[in-house]
Amino acid sequence: MSRTAEALSTAYALSLTSAEEASRWGRKKIDIEHLFLAVLLNEQPAGQALRSLGITLDAARKAIEEQHAHQMSSIGVNDVQQPIGRITLYEAKAHFDWSENAKRTFQGAGKGRRSRQRKQGNAADVLRELLEEPSGFIAAVLERLGTNADEGRERLAEIESRSASRQPDRKPSQLSVTKDTFIPASAEEVFALVSDPERIPDWDTAGSDVEHTGKQTWEALLPAAWPNGKPRTPSEEKRRQVFELMDAAEPHRVVWRVSFPGNSVSKPHCRAIRLWPTDGGTHMRFTVTYPRDAHRLRRLVGTAVRPGLQPLLWVQAAHLSTQISLNFR
């Protein structure tokens, strides 16, 4: 993935997770605490650094609530903090704005305010901005979590230096996209979710009414409505999809082959899910792969259109990864 594409995908992921966390408090405005939680949940070195300091999602949410209560009580206002609830972002059509502080912090991560430091707009740059944000709210939250901004910067530098030389595997003969995600649950819990055909609708919103049709094969129907209640109107041939379990090595790897038997245009593809333990939970690598076409002419055409298809596949992988993560948040 190019640096520009990585910056865009990071911005998308952090914005989405921030909005999800804001919706837990019934907020329609994303603030720096929601952005901090999004970084904590991110799979990049920034999230790894925070989690390696022993910061968990539940502890961070509690520290944020306590710091808000402390600030309000200092001006004589008590019991104004809305209790944290579940994520409601996808249940209703809602528009989220950014607070000025959050907007300045987020935008600052993509700008070279320091002449000697090149910024890439990744999660690490967002974390650095949060550690220096002028209100002092994030610094106070870190103190409640038993650490501080200096320790955060030091740990981030350590992890970035270790991960700088790592390069993702590439298979140019295939149309393939990979999305890494942090899941705040054990590998065994995640494996139990993604390997169970009956639970496919819990993470694939295009599947419902799962029915066992063969030894390792299940059929699912497209739900009649979207998560927000809006009805779907798919053609009959696009309603059915078949899931074939190709591999399941507990608790580290699951591979599903997905096909649409009634749709001659949609080709079968594989969804490979790799899991390994990390600080605070599980690192998940979700790969969507369309095999190389055996027909030479179609293969040449596929090579030509591949750059345009890659972003679409990334959105698919990102959406499925997010849905898996939501089951544990």
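The values are calculated or read from the model by the stated rules, or taken from the named source; none is laboratory data. Just so we're clear, the structure is a prediction, and the values are computed from it rather than from any experiment. Note that we place each Cβ from the backbone using ideal geometry, even for glycine, and neighbour counts take in every protein chain shown. With ligands, DNA and RNA removed, areas are computed over all heavy atoms of the protein, side chains included. Shrake-Rupley method; radii C 1.70, N 1.55, O 1.52, S 1.80 Å.
For region 60-76, the condition of being open to solvent by 50 Å² or more (accessible area, probe 1.4 Å), of a type in the set (Lys, Arg) and either at pLDDT below 90 or within 17 Å of the chain's Cα centre (by Cα) (or both) holds for none of the residues. Within region 89-98, one or more residues are within 19 Å of the chain's Cα centre (by Cα), surrounded by fewer than 18 Cβ atoms within 10 Å (Cβ to Cβ) and modelled with pLDDT under 80.
There is no residue in region 58-73 that is more than 28 Å from ARG155 (Cα to Cα), free of Cβ contacts under 8 Å to residues at least 12 places away in the same chain and not in a helix (DSSP H, G or I).
I'd like the full set of residues that are open to solvent by 20 Å² or more (accessible area, probe 1.4 Å) and at negative phi, limited to region 126-148. Give the derivation first.
First, the residues of region 126-148 that are open to solvent by 20 Å² or more (accessible area, probe 1.4 Å): 128, 132, 134-136, 139-140, 143-146, 148.
Of everything in region 126-148, those that are open to solvent by 20 Å² or more (accessible area, probe 1.4 Å) and at negative phi turn out to be ARG128, GLU132, PRO134, SER135, ALA139, ALA140, GLU143, ARG144, LEU145, ASN148.
So which residues in region 208-226 are out of contact with any Asp or Glu (no Cβ under 9 Å at 6 or more places or on another chain), open to solvent by less than 50 Å² (accessible area, probe 1.4 Å) and outside any strand (DSSP E or B), if there are any at all? Correct list: LEU222 only. Note on region 1-56: no enclosed helices (runs of 4 or more DSSP H) hold 3 or more residues that are farther than 20 Å from GLU160 by Cα and of a type in the set (Val, Ile, Thr). Among the residues of region 126-167, those identified as touching a residue at least 24 places away in the same chain (Cβ under 8 Å) and of a type in the set (Lys, Arg) are ARG128, ARG144, ARG153, ARG155.
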